[in-house]
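Encoded as structure tokens, the structure appears first; notes follow it.
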Amino acid sequence: MNKKYLELLKDPRWKEFRQKVWEKDNYTCQICHREDRTLVAHHLYYNRGEDGNLVKPWEYHITELQTLCFVCHTLLHHFSSLFQSEDRNRKEV
């Protein structure tokens with residue numbers, strides 16, 4: 001994720017929107033179902049605008065995000081990056 005996008009995560013509009021995501025999911029991680037860990041509003045995918053830039057994080061529909069705890073979010077990104085690099089290294093036979 002680029003530096004510019006990370007700056008957007010400090011925007012009050014994002015903070016308000018992620019709160020709504022957490023409320024939607026009852027402040028519960030949607031993977032491990034724990035409520036006692038730091039929460040993250042996870043985008044299920046990222047969209048790009050007509051200009052090619054990522055859409056602002058609060059401009060998604062609330063159903064395009066889910067609440068995850070920090071641990072599950074970290075593991076999800078770790079394992080998905082492993083699969084992505086595997087796909088890049090795979091060659092057609």
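Taking the range 30-60, which residues are part of a strand (DSSP E or B) and either free of Cβ contacts under 8 Å to residues at least 40 places away in the same chain or of a type in the set (Phe, Trp, Tyr) (or both)? Result: 39, 40, 41, 42, 43, 48.
For every residue, the table says whether it meets (1) modelled with pLDDT of 95 or more; (2) farther than 21 Å from residue 80 by Cβ.
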{"position": "2", "(1), (2)": "no, no"}
{"position": "9", "(1), (2)": "no, no"}
{"position": "18", "(1), (2)": "yes, no"}
{"position": "23", "(1), (2)": "yes, yes"}
{"position": "37", "(1), (2)": "yes, no"}
{"position": "42", "(1), (2)": "yes, no"}
{"position": "47", "(1), (2)": "no, no"}
{"position": "58", "(1), (2)": "yes, yes"}
{"position": "63", "(1), (2)": "yes, no"}
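Candidates are the residues of the range 9-19 that are within 14 Å of the chain's Cα centre (by Cα) and more than 20 Å from residue 74 (Cβ to Cβ); the one that is most open to solvent (accessible area, probe 1.4 Å) is 15.
Within the range 63-82, residues that are under 19 Å from residue 33 (Cβ atoms) reach partners that are of a type in the set (Gly, Ala, Ser) with beta carbons closer than 9 Å, at six or more positions or on different chains, in the pairs 65/41; 66/41; 67/41; 68/41.
If only residues of the range 24-56 that are in contact with a strand residue (DSSP E or B) (Cβ under 9 Å, 6 or more places away or on another chain) and of a type in the set (Asp, Glu) are counted, the one that is farthest from residue 70 (Cα to Cα) is 25.
A Cβ distance below 9 Å, combined with a sequence gap of six or more or placement on separate chains, defines the contacts here; from the range 1-29, residues that are farther than 30 Å from residue 52 by Cβ reach residues that are open to solvent by 70 Å² or more (accessible area, probe 1.4 Å) and not in a helix (DSSP H, G or I) in the pairs 26/35; 27/35; 28/34; 28/35; 29/35; 29/37. Being within 19 Å of residue 74 (Cβ to Cβ) and open to solvent by 50 Å² or more (accessible area, probe 1.4 Å) is the requirement here; does residue 5 meet it? In short, no.
The values are calculated or read from the model by the stated rules, or taken from the named source; none is laboratory data. Keep in mind that this is a model prediction, so the values were computed, not measured. Note that each Cβ is placed from the backbone with ideal geometry, even for glycine, and that neighbours are counted across all protein chains shown. Surface accessibility is based on the protein's heavy atoms, side chains included, excluding ligands, DNA and RNA. Shrake-Rupley method; radii C 1.70, N 1.55, O 1.52, S 1.80 Å.
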